[in-house]
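Structure, as structure tokens:
Please treat every number below as a calculation from the coordinates, not as lab data. Since the model is a prediction, treat every value here as computed from it, not as a measurement. Here the Cβ positions follow ideal geometry from the backbone for every residue, glycine too, while neighbour counts run over all protein chains shown.
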Amino acid sequence: MAPSDWSIERATQYYNIAGWGAGYFSVNEKGHVVVHPHGQPGPVIDLMDVVEDIRERNIGFPCVVRFQDVLRARVRQINESFARSVAEQNYAGRYFGVYPIKVNQMREVVDEIVDSGAPYHYGLEAGSKGELLIVLAMNTDPEALTICNGYKDEEYLRLALLGRKLGRKVIVVIEKLSELPALLKIADEMQVEPMIGLRSKLTTRGTGKWEGSSGDFAKFGLTIPELIHAVRILKEAGKEQCAKLLHFHVGSQLTEIRVVKDAVNEGARVYAKLRKMGLPIEYFDVGGGLGVDYVGTRMSDHSSSINYSMDEYVDDVVYSLQRICGNEGVPEPHLVSESGRAIAAHHSCVIMNVFGHIEIGSAEEIAAASVPQPGEAKIVREMREIVAALTARNRAEAYHDAAAKKEEALQMFKLGLLGLEERAVVESLFWKLARGIAEMNRGKKRLPRETRDLGDKIADQYLANFSLFQSAPDHWAFDQLFPIIPLHRMGEAPTRDCTIVDVTCDSDGKIDRFIEGDGVDETLSLHALRPGEPYFLGMFLTGAYQDILADMHNLFGRVNEIHVFADDEDPEDFYIEEYIPGETIAKVLSRVQYEPSDLSRRVKNELDQRIKDGTIRPKDGVSLSDFYETVMKGYTYLLGFETERGDPE
């Protein structure tokens, strides 16, 4: 990209911040990424000020930063959007949303959602006994719903009915038919009337990565014949009045609004027929699926994007349900949605420092190889001639010839006919030619097929201090895109096409799919690293699922975490409300059944033996033993270096 054409506005467009940021992120006049925690307009937090606070407190990177105000704003937004649509369309029911805690069960997340949702009687959803234990303790509002999903055993059912004993609106959603008679039996034993939901297995299928979780062969829900059987069971038991909710779910991260409309239409017909069969259903639960536009293109052709807004989603749900109810002549039920991703995704990001880079065919190596030496092998001279003759017109032919010479050099090396130094020169000259062709290709649309992707293949690898498997497992598992951008230097033109690799020793620990403008590319343009100067990247929209799905690959544990709140009276317009240290190496080792004290004892015994042998001095033995224990008590990620060849912190 030409430096003369670059500007902060151009940076905003290139990284598509306005597209995926949903009004919560932008770039200021300093070229720093800023957060608008209440949306725009409103307070502004400079992320580089947050970074400086993190460094001053000696909190290591990577670090999760939670903007709790953003979380609260998302809760308000979905509740107020439904309230607006209900009022505008004169819909007879109300909205009672629930947050599915599986999306992010962290205490700090659930606390904020419960508190900010209190004015709206915003409830919680549980999908397991562990989650239900949390929800029963946290959701104390007698008007808010508690939705119990997932397969259930006797303990799960008893827990749910405990909530009914406490006067809560706990609705047990029947996922398979055998749960219904078991629930009725236990409820009779506990002398409490259950609130029952029936989950319908719709034929309508979702779209995107998770479309397989819906349709006729979905994991959960009752088929139409099973729904009829459930009605019969309720009537035979005289418990029709306990049927309070109809539930369905057509998949997570729905990319097309068409699917939402189709699902609501089908679900509304099922609701109407059940009402006419005598079930006094009060709540219509559309499940989850409200998507997040991680790419920011508003296009459904990518599974990380969506072609609708939250308001459009809400309006279509209300309109479609109202229309069917009118046609069928049944009451308009209260609306329930289990939107989790759309609530939690925007509120957190991962800040990581880049500590070095891997460059294929570095400038130093190419410069050294470009100087002819006396008595060079014939193959080296021939490679020089190919490089020297390169033009835009013959670039495809030159690339073919150079690739053939590189392969010939390899075979000669294997046969002992070419030295290591000479092979190195051949390879360096090959990369010189490849870089020359990539530069010729830059900005051109019609390119020779053989060299079209050359720029991506020789891109720099920036070494970022994080674990992909810990901080963004969905990228590795599902090719889920997350916006990644530099937090500073946005006023400078980025000059390096890069991929990003993490600190694990796994070949899959890399990111080579990036949001760029209105599309997706295999590389991301970043700034050249400056010796001794830190360079920070942010990975955004990580608040949904990533905290919970994270693993311990290579024993990299949970990262440090801070909670940031806006404060207009603070000179920096924010304050760090809480710091939660990441896991120490000792804690991670304990989780995989290694006792840290036992490991220390084993190493100390070895050192003592070396001291007795006279191979290690006693003073050095004590120092090494202390060092081993110090490392064990420390952070699992890399410490001490800002960038390659930089000064220690």
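Rounded to the nearest angstrom and ordered from largest down, what semi-axes does the equivalent ellipsoid of the stretch 363-455 get from its C-alpha gyration tensor (root of 5λ)? It would help to have the intermediate numbers written out before the result.
Working: eigenvalues 123, 37, 23 Å².
They are 25, 14, 11 Å, listed largest first.
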> Given H placed on each backbone N at 1.01 Å, which residues far from Gly356 in sequence or on other chains put an amide H within less than 5 Å of it?
Replying inline: Leu463, Glu644
>> For the chain, take the longest principal axis of its alpha carbons; what is the angle in degrees between that and the long axis of helix 378-388, to the nearest 10 within 0 to 90?
In response: 60
> For the stretch 225-265, what is the Kirkwood hydrodynamic radius in Å, using each pair of distinct C-alpha atoms?
Replying inline: 12.6
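Nearest 500 deg cm²/dmol is fine: what mean residue ellipticity at 222 nm does the chain get from its DSSP H runs of n ≥ 4 alone, each adding -39,500 (n - 2.57), divided by its residue count? Can you show the working numbers first?
On the way: 23 runs with 262 residues, N = 649.
Here the helix-only value at 222 nm equals -12500 deg cm²/dmol.
Please report the projected area of the stretch 1-154's Cα convex hull averaged over all directions, in nm². Show your work: numbers first, answer last.
Details: hull surface 57.0 nm².
Quarter of the Cα hull surface area: 14.2 nm².
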> Can you list the HN-Hα couplings for the stretch 307-320, worked out from phi with the Karplus curve (6.51, -1.76, 1.60; θ = phi - 60°), rounded to whole Hz and with x for Gly and Pro?
Replying inline: 10, 8, 9, 4, 4, 5, 4, 4, 4, 5, 4, 5, 4, 5
> So how tilted is helix 179-190 from the main axis of the chain? Cα-based, degrees 0 to 90, rounded to 10.
Replying inline: 60
>> Under a crude label model (7 Å from the Cα following the beta-carbon direction), how far is Glu533 from Arg232 in nanometres?
In response: 7.6
>> Just to check, using Stokes-Einstein with a Kirkwood Rh over alpha carbon pairs, what's the diffusion coefficient of the stretch 248-330 at 4 °C and 1.567 mPa s in µm²/s?
In response: 96
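Listed highest first by mean packing, meaning other Cβ atoms within 10 Å per residue, what order do 584-595, 37-48 come in?
On the way: 584-595: 14.3, 37-48: 17.4.
Per-residue mean Cβ counts within 10 Å order the peptides as 37-48, 584-595.
Just to check, using Stokes-Einstein with a Kirkwood Rh over alpha carbon pairs, what's the diffusion coefficient of the chain at 20 °C and 1.002 mPa s in µm²/s? Write down the numbers at each step before the final one.
Details: Rh = 28.2 Å.
For the chosen part, D equals 76 µm²/s.
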> Can you give me the relative contact order of the chain as a percent, contacts being Cα pairs under 8 Å and 6 or more apart?
Replying inline: 16
>> Can you compute the radius of gyration and Dmax for the stretch 3-56, using only the Cα atoms, both in Å?
In response: 12.1, 36
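Determine, from the Cβ-Cβ distance of Arg446 and Glu312 and an R0 of 41 Å, the FRET efficiency 1/(1 + (r/R0)^6), rounded to the nearest 0.05. If you can, show how the numbers build up before the last one.
Working: r = 38 Å, r/R0 = 0.93.
Efficiency for this residue pair is about 0.60.
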> Does anyone have the angle between helix 395-414 and the longest principal axis of the chain? Alpha-carbon axes, 0 to 90°, nearest 10?
Replying inline: 70
>> Give me a comma-separated list of calculated 3J(HN,Hα) values for the stretch 287-302, in order, Karplus coefficients 6.51, -1.76, 1.60 applied at θ = phi - 60°, integers in Hz, x for any Gly or Pro.
In response: x, x, x, 4, x, 10, 8, 5, 8, x, 9, 6, 10, 8, 7, 10
> How long, wide and thick is the stretch 587-632, going by the Cα atoms along their three principal axes, in whole angstroms, largest first?
Replying inline: 37, 16, 10
> If each Cα of the stretch 92-339 is one equal point scatterer, what is log10 of I(q)/I(0) from the Debye formula at q = 0.07, 0.08, 0.15 Å⁻¹?
Replying inline: -0.22, -0.28, -1.06
> Which far-off residues, 5 or more places away or on another chain, put their amide H under 5 Å from the one on Asn560, with H placed in the peptide plane?
Replying inline: Val64, Gly582
> So, by mean Cβ neighbours within 10 angstrom, what's the order for 432-438, 121-127 with the highest one leading?
Replying inline: 121-127, 432-438
> Which whole-Hz couplings ³J(HN,Hα) result when phi for each residue of the stretch 224-241 is put into the Karplus expression 6.51 cos²θ - 1.76 cosθ + 1.60, θ = phi - 60°, listed in order with x for Gly and Pro?
Replying inline: 4, x, 5, 4, 4, 5, 4, 4, 5, 4, 5, 5, 5, 8, x, 10, 4, 5
>> Under 5 Å between amide hydrogens, which residues at least 5 positions from Tyr15 or on another chain qualify, with H placed 1.01 Å from N in the peptide plane?
In response: Gly517
>> 7 Å from Cα along Cα→Cβ at both Lys612 and Glu492: what's the point-to-point distance in nm?
In response: 5.8
> Given Lys235/Lys261; Lys129/Lys633; Lys152/Lys587; Lys102/Lys633; Lys129/Lys185; Lys201/Lys235, which pairs have Cα atoms separated by over 25 Å?
Replying inline: Lys235/Lys261; Lys129/Lys633; Lys152/Lys587; Lys102/Lys633
